[in-house]
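Inspection log for the structure reproduced underneath, given as structure tokens.
Values in this text are rule-based calculations from the coordinates and carry no lab data. What you see is a predicted model, and the numbers here were worked out from it, not measured in a lab. Neighbour counts are summed over all protein chains in view; Cβ atoms, including those assigned to glycine, are modelled from backbone coordinates with ideal geometry.
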Amino acid sequence: MESKTPTIIDLNAELAKLTMFRGLTPQTKRAERRGSGTQLGRYRDGILIAGKSAGTSHWETHPEDELVHVLDGTKILDIVCDDGPPKSFVLRAGMIAVVSRAAWHRFHSAEGGTTWSATLPGDHIELDVNDPRTVEPKKVITTGAPSIIDLNAELTKLTTSEPRNRRSRIARAALRDWLRTATAASASRSLPGKAIGKPISLVTS
């Protein structure tokens, strides 16, 4: 029988064990980065990892979407989105990027940043090139644009009054639907040419 015990990770505790690796390049070996990254656990068919680094990573791809959450600092995401040159996206602390499956991508940061990600490892190249398609020309992704979410901005929209506001919006929407239905029903029952009356004004404030 498969175990139902959850995997619980103290992210703050795990990050406290890591040191910032500075001077990251596409040629940096995994052994050189020891102590700056860790595997947090497994998730579905992939893994959860966290790391602290400054510099430029190698280009890589993954067979499935990758979720990357920047916890502090700033990271620049370079990604091959279409047939044009790679595009760059600035990810600040509190932002999440979902990198499309099979899209070539890399990260770089001058001052350094801390991230955690959920990914399914796959083929990657470790060459210092501006565009990975010069090495792997057959890999052309035309739908690689990332989804970027500013988590801090989204959370600031939520307040203790949000449930009440949400209920109010739902109630107003339900009332509008009811009025439309009632008006349509009244129109279908009215005699030809008979005026139904003035439209009803709904107060939404």
Over the range 11-156: Kirkwood hydrodynamic radius from C-alpha pairwise inverse distances, Å: 15.5 Å
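Can you put PHE21, PHE107 in order, fewest other beta carbons within 10 Å first?
Listed from fewest to most nearby Cβ atoms, that is PHE21, PHE107.
Could you tell me which of the pairs LYS4/LYS29; LYS75/LYS157; LYS4/LYS157; LYS4/LYS75 are separated by over 29 angstrom between their Cα atoms in the structure shown?
LYS4/LYS29; LYS4/LYS157; LYS4/LYS75
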